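The structure under discussion appears below in the form of structure tokens.
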Amino acid sequence: MEHKIAVISDSHGNATALAAVLDDARQHQATDIWSLGDIGFGGPGTAQCYQLLADANTSQYLMGNWETDFNLVLQKKAINLNDPSDVYFVMLVRYDYARLSKQQREKIQTLPMASTKTINGFKISLSHNLPRENSGHSLFPTQPQGNFDQLISDPNTDVAIYAHIHMPLFRYTASGQLILNPGSVGQPWSTQQHLLANRAASYVLLTISESGIEGIDFRRIHYDQQIELNLAQSSGFPYPELYKKLLETGIASTHDLPLLTKINSAHHYRDLAEQFLSQLPDQHF
């Protein structure tokens, strides 16, 4: 039996982009959807993204680093409101917490860090970053070969697929096992300006038959960016100006402390973040 699997990641709350990707996957007769994490957080449509994936009968979900941080905020752990970046993330959590259903929040709490699939005899490992570490820069394309070899500990694994870096990638381990990265649905990125200029959503369509891997289709899907920006403006999403900059240029402001300090002060976001944390119940789910 032939399997056509849409492997997606890092939609980061960009429901407009995710809807376009899932529509493209349907048009290309995808038989399954695998999501490798960072489904929400960063854009105005986190709840919609989870619903879109549920409606598409997504069979695999993983916990990205932003899902981990969401859970930490709800547990009131590792937060320093004197850090403008922490205020930024708490404000994103505050926005999404009000819109996610109880069932969706429960799902985020229990997502696995890694998984393994066997398709027509091919063993495939899935992770957001490394299998036991879903954050960090160790798997950026310019990192040493040894870092990528850590993706696979089982010599019987044929393919490793990871996400997190927001860049499509095709390479091998030192032992010849295939490594893939689908890039980012909601926030594509590159170190090269000409590549960064393409703001289309990215995912990979993997075709596996009984004979083996028949196709690895790295797809770029254009969507109406203005619809997404209008949603951010109309929904009360915090930092809409930073979201506009991110979607249009690919440049994030997550760690631009002077800029975040200015915006946080102008909108009293630190006070709102503190109030949100103080009102969180001990049992969130």
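Any read-out appearing in this document is the output of simple, stated calculations on the displayed coordinates, not a laboratory observation. What you see is a predicted model; the values in this text were computed from it and never measured. Using ideal geometry, Cβ is built from the backbone for each residue, glycine included, and neighbour counts are taken over all protein chains shown.
Between LEU81 and GLU2, what is the label-to-label distance in nm when each label sits 7 Å out along the Cα-to-Cβ direction?
Reported label-point gap for LEU81 and GLU2 is 5.7 nm.
Could you calculate the contour length gain from HIS28 to GLN60, that is, 0.36 nm times the residue separation minus the distance between their Cα atoms, to one decimal place in nm?
Computed gain between HIS28 and GLN60 is 9.6 nm.
As a test of the definition: which semi-axes, in Å, follow for the chain when you take the square root of five times each eigenvalue of its alpha carbon gyration tensor? Largest first, please.
32, 20, 19
Could you size up the charge dipole of the range 150-285 around its Cα centre, putting +1 on the beta carbon of Lys and Arg and -1 on that of Asp and Glu, and report it in debye to the nearest 20?
Taking the Cα centre of the range 150-285 as origin, the dipole is about 460 debye.
Suppose the chain between THR249 and ARG99 were pulled fully straight at 0.36 nm per residue; how much longer would it get relative to their current alpha carbon spacing?
Values: separation 150, 0.36 × 150 = 54.00 nm, distance 2.73 nm.
Net length gain for the segment: 51.3 nm.
In which sequence would ILE8, ILE119, ILE152 go, from the one with the fewest C-beta neighbours within 10 Å to the one with the most? If you can, show how the numbers build up before the last one.
On the way: ILE8 31, ILE119 17, ILE152 22.
Ordered by Cβ neighbours within 10 Å, fewest first: ILE119, ILE152, ILE8.
GNM on the chain, C-alpha springs below 10 Å: top fluctuator among GLN27, GLN109, GLN225?
Taking springs between Cα atoms under 10 Å, the residue moving most is GLN27.
Place +1 on the Cβ of every Lys and Arg and -1 on the Cβ of every Asp and Glu in the chain, take the dipole about the Cα centre, and give the residue among HIS3, ILE39, ILE263 whose Cα lies farthest towards its positive end.
Result: ILE263, furthest along the dipole toward the positive end.
Over 10 Å intervals from 0, what percent of Cα-Cα pairs in the range 59-193 sits in each interval?
Pairs per bin, as whole percents: 11, 36, 32, 17, 3, 0.
Excluding residues on the same chain fewer than 8 positions from LYS102, give the lysines whose Cα lies under 21 Å from its Cα.
Output for LYS102: LYS76, LYS77.
For the chain, what is the calculated [θ] at 222 nm in deg cm²/dmol (nearest 500), taking -39500 (n - 2.57) for each run of four or more DSSP H residues and dividing by its residue count?
-11000 deg cm²/dmol
Using Cα pairs closer than 8 Å and at least 6 residues apart in sequence, work out the relative contact order for the chain, in percent.
23 percent
Restricting attention to the alpha-carbon atoms of the range 145-285, what are Rg (one decimal) and Dmax (integer), both in Å?
Rg and Dmax of the range 145-285, Cα atoms, are 20.2, 60 Å.
Under a Cβ-only charge scheme (Lys and Arg +1, Asp and Glu -1), can you give me the dipole magnitude of the range 3-221 about the Cα centre, in debye to the nearest 20?
Rounded to the nearest 20 debye, it is 340 debye.
Let me check against my output: what whole-number percent is the relative contact order of the range 1-70, with C-alpha pairs under 8 Å and at least 6 apart? Before the final figure, lay out the partial values.
Details: 122 pairs, mean separation 26.5, N = 70.
Relative CO of the range 1-70 lands at 38 percent.
Hey, what angle do you get for helix 269-279 against the long axis of the chain, alpha-carbon based, 0 to 90 degrees rounded to 10?
Helix 269-279 and the main axis of the chain meet at about 80 degrees.
Does anyone have the angle between helix 257-267 and the longest principal axis of the chain? Alpha-carbon axes, 0 to 90°, nearest 10?
Compared with the principal axis, the helix lies near 50 degrees.
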